[in-house]
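Read through the structure below, which is laid out as structure tokens, and then see the notes.
Quick note: the coordinates plus some simple rules give every number you see, no bench work behind them. These figures come from a predicted structure and were not determined experimentally. Cβ: placed from backbone, ideal geometry, glycine included. Neighbour counts: every protein chain shown.
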Amino acid sequence: MTDAEKKLDAFFADDGLPARDQAFTHAVMRRAAARRLRAELAWLGAVCLLGAVVLWALAPALEPILHLPARLIETAGPAIGVIVVVFTLLLITAPRDAGGPVSA
Amino acid sequence: MTPEGLDLELIEAARRGSSAAFGRLVDRHQRAVRAFLRRACGNDAEADDLAQETFVTAWERIGRFRGEAGLRTWLCGIAWRKLATARRSWARSSRRETEWMETEALERPATPGQLDQRMALEAALASLPLEQRAAVALCLGGEFTHAEAAEALELPLGTVKSHVTRGRARLLQVLGEA
């Protein structure tokens, strides 16, 4: 092997990179997660858009059916609202079981 | 367990959705992919960006890996296609860069000892045509066989052999060997 060949081999042997670079791996995983999130959001957006279009198209047919619950909400709406608020407040303020051992 | 066996086990786990298994695959093969791209691309930051994209794409397509070639070859194949695509958008700036490097090479003194040898080799590597550079990076830098490089670069075996021989001769010329 000539001197030039040895130098060439040494040049290619030294790539200046560590065997494992955790920062690189984290960057890859973060980028993969971000891309997956974007794909899921795009999918959800498309589904929502489709749903909106379907509802818009069906609105004339649905209108008579929705009259009954609309009238119910119109009359009993405030009462239902108060019940929901009170129930939620009770749920939030209720003491929780800490899950620890019960002392005698 | 052999490295190939461990790869197959990790691939199976990644196919089932294990990000930890895929993270280990990234750990195991990042150096080969990054080194290949750095040599073929000539710009470390761009190369690392492409290497990250390569692994993200690999995870999306891990179900398509059939194991006919090794994982390293498959990954470098993805990296090569990413580089070729990116190269088209960089074409203008890269052409300017190559022209500058060729001018530098002509103006460089005959004895590379007067310059930093490493920089001279990097400049010579960057002045090679892209396919030739990629073949040299895989076969001389990445210890790929000619067949593996042909698989990754989607080139005929004879073309890869010719690229490596010519590229190597050019680099040896820079080192002062006719």
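Hey, if you drop one equal point scatterer on each alpha-carbon of region B:7-60 and run the Debye formula without solvent, what base-10 log of I(q)/I(0) do you get at q = 0.13, 0.17 Å⁻¹?
So the normalised log intensities work out to -0.33, -0.53.
Per the helix-only calculation at 222 nm, which mean residue ellipticity applies to the protein assembly as shown, given -39500 (n - 2.57) for every DSSP H run of n ≥ 4 and division by its residues, nearest 500 deg cm²/dmol?
Working: 10 runs with 217 residues, N = 282.
That comes out to -27000 deg cm²/dmol.
List the trypsin sites (Lys or Arg not before Pro) in region A:1-62 that DSSP assigns to loop (not H, G, I, E or B) and whose Cβ has at most 15 other Cβ atoms within 10 Å. Which are they?
Details: sites: A:Lys6, A:Lys7, A:Arg20, A:Arg30, A:Arg31, A:Arg35, A:Arg36, A:Arg38; in loops: A:Arg20.
In loop regions of region A:1-62 (DSSP not H, G, I, E or B), the sparsely surrounded trypsin sites (Lys or Arg not before Pro) are A:Arg20.
Quick one: A:Thr25, A:Thr2, fewest Cβ neighbours within 10 Å first, how do they rank? Working shown, then result.
Working: A:Thr25 20, A:Thr2 11.
Listing A:Thr25, A:Thr2 from fewest to most nearby Cβ atoms yields A:Thr2, A:Thr25.
If all Cα-Cα distances of the protein assembly as shown are sorted into 10 Å bins from 0 onward, what percent lands in each bin, rounded to whole numbers?
6, 20, 22, 15, 10, 9, 8, 6, 3, 0
Rule-of-thumb check for region B:3-174: C-alpha Rg over 2.2 N^0.38 Å? Each step should come with its number before you reach the end.
Working: Rg = 17.2 Å, N = 172, 2.2 N^0.38 = 15.6 Å.
In units of the globular-protein estimate, region B:3-174 measures up at 1.11.
If the convex hull of the alpha-carbon atoms of region A:16-93 is projected onto planes in all directions, what is the mean projected area in square nanometres? Can you show the working numbers first?
Working: hull surface 43.1 nm².
Convex hull of Cα atoms, orientation-averaged projection: 10.8 nm².
Please give the charge dipole size of the protein assembly as shown, origin at the Cα centre, charges +1 on K and R Cβ atoms and -1 on D and E Cβ atoms. Round to the nearest 20 debye.
Details: 36 positive and 35 negative charges, 96 e Å.
Charge dipole of the protein assembly as shown: 460 debye, to the nearest 20.
In nm, give the distance between the simple-model label positions of A:Glu40 and B:Glu68, each being 7 Å from the Cα along the Cα-to-Cβ direction.
3.4 nm
Sticking with the crude label model, points 7 Å out along Cα→Cβ, report the distance from B:Gln117 to A:Leu50 in nm, one decimal please.
Rounded to a tenth, the inter-label distance reads 6.3 nm.
Test of understanding: what is the full-extension gain from A:Asp9 to A:Arg30, defined as 0.36 nm times their sequence separation minus their Cα-Cα distance? Please list the in-between numbers first.
Values: separation 21, 0.36 × 21 = 7.56 nm, distance 3.56 nm.
Taking A:Asp9 through A:Arg30 to full extension adds about 4.0 nm, to one decimal.
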